[in-house]
Amino acid sequence: MLAIKNYLFVVICVVLLTATSCGSDDSDTPESSATVTFDGKVYQKPTDNEIAYIEFSVDDETSFSIGGDVVNGLDTVNFTVRVPNLNVATYTRSSNGGDAAVSVTPSNESTFSTSIFGQDTDMTDYEIQIIEVTNKTVSGTFSATVQSFGDESIKEVSGEFVAIDFASFFGF
């Protein structure tokens with residue numbers, strides 16, 4: 001009987017240690033957030049949803065996209081910030097051309113972007129700063145003059161993304 005009690009005690013200790021160690025793995029990943037100011041209106045990532053993500057895409061080259069939906073009341077804006085690599089760096093139109101980009105799509109409107117194709121006049125500009133890259137997250141800021149795909153109207157956009165979890169795209 002004493003052997004069974006000892007065995008149960010060891011099993012309970014192992015289960016408790018395992019449960020405790022699993023809970024601490026997530027505590028070192030900060031809460032992600034995103035804020036975008038578009039055309040003078042501030043949009044934020046809803047706290048009840050993990051909207052922001054990081055995406056690894058392969059076209060002809062490797063590029064990374066950080067984006068998601070942010071809200072202001074009932075209004076939603078989808079934003080995407082694309083950079084050629086995930087290093088702490090500053091990307092600008094003058095130094096990176098089309099290798100980086102900022103795009104914004106408000107609800108029920110056309111997309112505004114720094115990647116304009118087929119327009120007579122390109123009035124766009126951008127600055128993207130990747131401020132921090134850890135083994136789990138990426139954070140940064142951006143500001144841009146974006147142009148509508150539908151016409152030549154331009155708008156200002158700026159924003160910040162904090163602790164965007166790599167796992168939100170990779171599915172870990």
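The values are calculated or read from the model by the stated rules, or taken from the named source; none is laboratory data. It should be emphasised that the depicted structure is a prediction, and the values quoted were computed from it without experimental measurement. Note that each Cβ is placed from the backbone with ideal geometry, even for glycine, and that neighbours are counted across all protein chains shown.
If we keep just the residues of the range 122-139 that are closer than 21 Å to residue 38 by Cβ and of a type in the set (S, T, N, Q), which is surrounded by the fewest Cβ atoms within 10 Å (Cβ to Cβ)? It comes out as 129.
Please indicate, with yes or no, whether at least one residue in the range 41-58 is at pLDDT 90 or above and buried (at least 20 other Cβ atoms within 10 Å of the Cβ). I'd like the intermediate steps shown before the answer.
The initial filter retains those residues of the range 41-58 that are at pLDDT 90 or above, namely 41-44.
Among the residues that remain, those that are also buried (at least 20 other Cβ atoms within 10 Å of the Cβ) are: 43.
Yes, the range 41-58 contains a residue that is at pLDDT 90 or above and buried (at least 20 other Cβ atoms within 10 Å of the Cβ).
Is the range 102-125 home to any residue that is in a loop (DSSP other than H, G, I, E, B), small (Gly, Ala, Ser), at pLDDT 90 or above and touching a strand residue (DSSP E or B) at 6+ places or on another chain (Cβ under 8 Å)? No, because not a single residue in the range 102-125 is in a loop (DSSP other than H, G, I, E, B), small (Gly, Ala, Ser), at pLDDT 90 or above and touching a strand residue (DSSP E or B) at 6+ places or on another chain (Cβ under 8 Å).
Residue-level analysis places residue 108 among those that are loosely packed, with under 13 Cβ neighbours inside 10 Å, closer than 27 Å to residue 46 by Cα and not aliphatic (A, V, I, L, M).
The selection criterion, being under 19 Å from residue 101 (Cβ atoms) and modelled with pLDDT of 80 or more, holds for residue 156.
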